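Following: one structure in structure tokens, then a few remarks.
The values are calculated or read from the model by the stated rules, or taken from the named source; none is laboratory data. Since the model is a prediction, treat every value here as computed from it, not as a measurement. Note that we place each Cβ from the backbone using ideal geometry, even for glycine, and neighbour counts take in every protein chain shown. For accessibility, only protein heavy atoms count, side chains too; no ligands or nucleic acids. Shrake-Rupley method; radii C 1.70, N 1.55, O 1.52, S 1.80 Å.
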Amino acid sequence: MGRHREYDEEKVLDAALCVFWRKGYEGASYSDLTAAAGVERPALYSAFGDKKALFRRVLNRYQERFMNHIPEALALPTAREVARHMLYSSVELNTRFPDHAGCLGINGAMAGADESESVRQALIDFRAGGETQLRERFERAQAEGDLPQTAKPAALAAFMMAVLHGMAVQAKAGFSREMLEAVAEQALAAWPS
């Protein structure tokens, strides 16, 4: 009877996170995941289930470990400070790791097969949650008089998400941190006053 191989589940999740972040969901093969994690395929299946289940665990881990700038931003006193913190924190995260630039939530959704519909939906929900938080924060800012009554909080949140997602794609495509910071400044120049 074979010996049960011991491994650190946290390290396996971190290794899988890096693979999915770099290659996206579709681009990451089970061979890539087992090689990065240093575990055999049966152990990976036994611990995490199929690739979809592993990706969902990784997406939760990504949110817990790398998205702390969102609650930090939402707690800031003005909507412009919220936007500024979101933009510059995203630039930093998108360029922090040269071997897996961009955003896991965006990289993971760049291509998808029909059989990956549940993963695509999980990524849509992941991004929609961020947009909802921003919209609610901008609605509060408008109610408090921080944003003008002519501002449209839902459109402003959608604009921010479009810029943030675009910057993630640009980071993946090799744009420099300096260029992404210039994009962030341009977005702030369009801020309602």
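Might you report the magnitude of the Cβ-based charge dipole of the range 9-166 about its Cα centre, with Lys and Arg at +1 and Asp and Glu at -1, to the nearest 20 debye?
Values: 19 positive and 21 negative charges, 29 e Å.
Roughly 140 debye for the range 9-166.
Under 8 Å for C-alpha pairs, at least 6 residues apart: give me the relative contact order for the chain, rounded to a whole percent. If you can, show how the numbers build up before the last one.
Working: 196 pairs, mean separation 47.7, N = 193.
That works out to 25 percent.
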Which of the following values of volume of the Cα convex hull per residue in Å³ was calculated from the structure shown: (i) 137; (ii) 112; (iii) 147? (ii)
By the mean-Cβ-within-10 Å protection proxy, highest first, 144-156, 15-27 rank as 15-27, 144-156
Could you state how much accessible area Lys11 has, in square angstrom rounded to the nearest 10, with a 1.4 Å probe and all protein chains kept in place? 140
Just read off the accessible area of Asp32 with the full protein assembly in place, 1.4 Å probe, to the nearest 10 Å². 40
Heavy atoms of Ser118: accessible area, 1.4 Å probe, square angstrom to 10: 50
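Can you tell me the relative contact order of the range 1-90? Whole percent, Cα pairs under 8 Å, sequence separation 6 or more. List each step's numbers first, then the result.
On the way: 51 pairs, mean separation 22.0, N = 90.
Relative contact order for the range 1-90 comes out at 24 percent.
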Rounded to the nearest Å, the spacing of the alpha-carbon centers of the range 31-50 and the range 123-169 is 38
Determine which lysines satisfy two conditions relative to Lys23: a Cα distance under 27 Å, and not lying fewer than 8 residues away in the same chain. Lys11, Lys51, Lys52, Lys172
Carbon and sulfur: what percent of the chain's accessible surface (1.4 Å probe)? 52
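Give me the accessible area per residue for the chain, probe 1.4 Å, as a whole number in Å².
Working: 10010 Å² over 193 residues.
With the other protein chains kept in place, the chain gives 52 Å² per residue.
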